[in-house]
1. Looking at (1) more than 12 Å from the ligand (Cβ to nearest atom); (2) at pLDDT 95 or above, which is the one condition that is false for Ile142?
2. Can you name the residue in region 101-138 that is touching a strand residue (DSSP E or B) at 6+ places or on another chain (Cβ under 8 Å) and of a type in the set (Lys, Arg) and is also nearest to Ile242 (Cα to Cα) among such residues?
3. Just checking, how many residues over region 52-74 are away from the ligand (no atom under 15 Å from the Cβ) and either at pLDDT 95 or above or surrounded by 15 or more Cβ atoms within 10 Å (Cβ to Cβ) (or both)?
4. So, of the residues in region 18-46 that are over 11 Å from Thr67 (Cα atoms) and of a type in the set (Phe, Trp, Tyr), which turns out to be surrounded by the fewest Cβ atoms within 10 Å (Cβ to Cβ)?
5. Tell me, please, whether a residue that is under 16 Å from the mean Cα position of the chain (by Cα) and over 23 Å from Glu111 (Cβ atoms) can be found in region 49-60.
6. Taking into account only those residues within region 93-126 that are touching a helix residue (DSSP H, G or I) at 6+ places or on another chain (Cβ under 7 Å) and more than 19 Å from Ile74 (Cα to Cα), which is farthest from the ligand (Cβ to nearest atom)?
7. Hey, can you tell me all the residues within region 116-139 that are surrounded by 16 or more Cβ atoms within 10 Å (Cβ to Cβ), out of contact with any Asp or Glu (no Cβ under 8 Å at 6 or more places or on another chain) and part of a helix (DSSP H, G or I)?
8. Of (1) within 30 Å of Phe233 (Cβ to Cβ); (2) within 16 Å of the chain's Cα centre (by Cα), Asp85 satisfies all except one. Which?
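The values are calculated or read from the model by the stated rules, or taken from the named source; none is laboratory data. Bear in mind that the values here come from a model prediction, so they are computed numbers and not experimental data. Because the Cβ atoms are built from the backbone with ideal geometry, glycine has one as well, and the counts that use them run over all protein chains shown.
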Amino acid sequence: MQDKEPDTVSTDYRESHLSKGKDYDGNLRSAPLDAYIHKWEEKNINHIMARLDRNKISSYIDFACGTGRITSIISKYVDKANGVDISESMLETAREKHPSINFIHADLTQEGTDIGKFDLASSFRFFGNAQPELRDSALTTINRLLKKGGYFITNNHRTPNALVYKIQKARGSDQGLDLTHKLFKELLEKHGFAIESKRAIGFWILRPKWLDNVTEDSRYDAILESIFHHRIFSPFSLDTIIVARKVSDI
Ligand SMILES: C[S@@+](CC[C@H](N)C(=O)[O-])C[C@H]1O[C@@H](n2cnc3c(N)ncnc32)[C@H](O)[C@@H]1O
């Protein structure tokens, strides 16, 4: 997936998208694999949100919101949606596309700014890319942003155990991934979260080029995703959406 490429040689993921705001959405749309994953992330998020108790969810924040891709999907289910990102260029695009959402320019992992407490937080396409220090500080920040019992919806699109990456590795192409589901679960628990559910995406994609044969209105991808969305497939799937609850302050 394309969002793995930082635009500088820095190893701090904070700097990865500082000037990517203009191209991010276009790149996602033009790469078949990214477009496919986006489509199924949106479908699964709608499925999850429709089943949460909406009386308990009013305020929402999307951490590392980028151009508002996920913020805008979840905003339909809440009273007040907010996004926060370190990249002003990503936020510029987000504000143009979604004027009713409140986008905040900040690095809350380094600034102690108090922006309140929320019922729901999300963070997508972030943890698989971030370095260990940033994963820790982001989860500490998200814990601080959430009320006790609040929901955290996130994803892991960079697990080294996805079948497609295993096959690539066996053929000599190592993606350098490290965020297994076991490690992500340990990190979430260490930061006061308990996983409630998972929905796997793209288990069946053993070669990214298979996607060239899946068209927008294909019935086959719907059948395959409905068979393989169960959480038992998630450790080996290209992407997994994780729903967690904040169970304790840290
Ligand atoms: C791959 S993009 C994902 C954007 C969006 N969540 C999505 O799924 O399309 C990763 C985002 O993380 C942001 N980011 C990195 N470090 C951050 C930090 N410390 N605080 C807020 N945003 C951060 C980057 O600026 C970038 O917009």
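1. The number of the failed condition is (1).
2. Arg125
3. Looking only at that region, the number is 4.
4. Applying the filter and picking the extreme gives Trp40.
5. yes
6. His105
7. Correct list: Arg135, Ser137, Ala138, Leu139.
8. Of everything listed in (1) within 30 Å of Phe233 (Cβ to Cβ); (2) within 16 Å of the chain's Cα centre (by Cα), Asp85 misses just condition (1).
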